[in-house]
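Visitor: Take this structure, written in structure tokens, and hold onto it; I'll ask about it next.
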Amino acid sequence: MPIPADDMTGIILPEIPGSLRQARLLYSVDAAQLAGLEAGGIVLPESLANAMLKRQVEFAAGRFCAREALQQLGCESRATLAIGQDRVPLWPAGYLGSISHGDGLAIAVVTTTKAWRGVGIDIERILTIEAAEPLVEHLMTAAELAIGNAAGLSLAHWLSLVFSAKESLFKALYPLVGRYFDFLDAEVCELQKQQSCITLRLVTTLSPSCVKGSLYCVRYSCFSNNVATLCLL
């Protein structure tokens, strides 16, 4: 069986509505962890047969969480979610969800297509300033950078938060858009620190239902040296 999480008390995620279910797993990158997940019924796809152990464990941990969350909603299938186009998970008919993993934590949130049109969750370790600085021009505009400065956030913290928020937006919109889009196709137009919410606005029309000017609220939380974001449509 999978090696269970020992202590989740320090992990603070954005509030998840009751219409969603979540599952979490603390994991370690080692052969015993992977063997435990595989013994629990998680099957690695052929495309990951020769991948690094870290990638294999992260995939298996995320799929384990997805299966657990689906079962909470009454989905009887125990099959490992396959990888679809653009490497997104293929959810069973009538369900949708999102998976994230990193820094030893995997999480999945799942709901039904009757309750929500899209869901995206993302967890990121806060970057160092050395890692953050070269990424600024690829992730945000000068106006977005100014919002973080006005809020008194360090560049590393703000860039990590914006990166995660745009990742969650991508995951939530993908079922409606059906393709990759760029970090600069959405911009931060407001940060509400008291509500722990970042508002993103599309600057490009991505599909008939995701048009330029559309606004999306992405909830966020911070714990340890990580940020977590959640986008619901």
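Visitor: Can you work out which of the residues in segment 175-195 that are modelled with pLDDT under 95 and under 17 Å from Ser209 (Cα atoms) is most open to solvent (accessible area, probe 1.4 Å)?
Guide: Within segment 175-195, the match that is most open to solvent (accessible area, probe 1.4 Å) is Tyr180.
Visitor: Filter segment 209-233 down to residues that are modelled with pLDDT of 95 or more, of a type outside the set (A, V, I, L, M) and either in contact with a Leu (Cβ under 6 Å, 6 or more places away or on another chain) or at negative phi (or both), then give me how many there are.
Guide: Final tally of qualifying residues: 9.
Visitor: I'm trying to understand the selection: among the residues of segment 35-79, which are assigned to a loop (DSSP other than H, G, I, E, B) and under 15 Å from Ala106 (Cα atoms)?
Guide: Residues of segment 35-79 assigned to a loop (DSSP other than H, G, I, E, B): 40-45, 49-52, 73-79.
Matches in segment 35-79: Ile42 only.
Visitor: Using beta carbons and a limit of 9 Å, which pairs, at least six apart or on different chains, have the first residue in segment 155-171 and free of Cβ contacts under 8 Å to residues at least 12 places away in the same chain and the second one open to solvent by 30 Å² or more (accessible area, probe 1.4 Å) and in a helix (DSSP H, G or I)?
Guide: none
Visitor: Sticking with this structure for a sec: Mind checking whether some residue in segment 1-9 is closer than 26 Å to Ser164 by Cβ and either under 16 Å from the mean Cα position of the chain (by Cα) or modelled with pLDDT of 95 or more (or both)?
Guide: no
Visitor: Go through segment 72-90 and give me each residue that's open to solvent by 40 Å² or more (accessible area, probe 1.4 Å) and in contact with a Pro (Cβ under 9 Å, 6 or more places away or on another chain).
Guide: The answer is Ser77, Ala79, Ala82, Ile83.
Visitor: Do we have Glu15 as in a helix (DSSP H, G or I), of a type in the set (Asp, Glu) and within 18 Å of the chain's Cα centre (by Cα) here?
Guide: No, not satisfied.
The values are calculated or read from the model by the stated rules, or taken from the named source; none is laboratory data. Small disclaimer: the values here were computed from a predicted structure and weren't measured. In this analysis, Cβ positions are derived from the backbone assuming ideal geometry, glycine residues included, and neighbour counts consider all displayed protein chains. Side chains included, ligands, DNA and RNA excluded: accessible areas come from the protein's heavy atoms. Shrake-Rupley method; radii C 1.70, N 1.55, O 1.52, S 1.80 Å.
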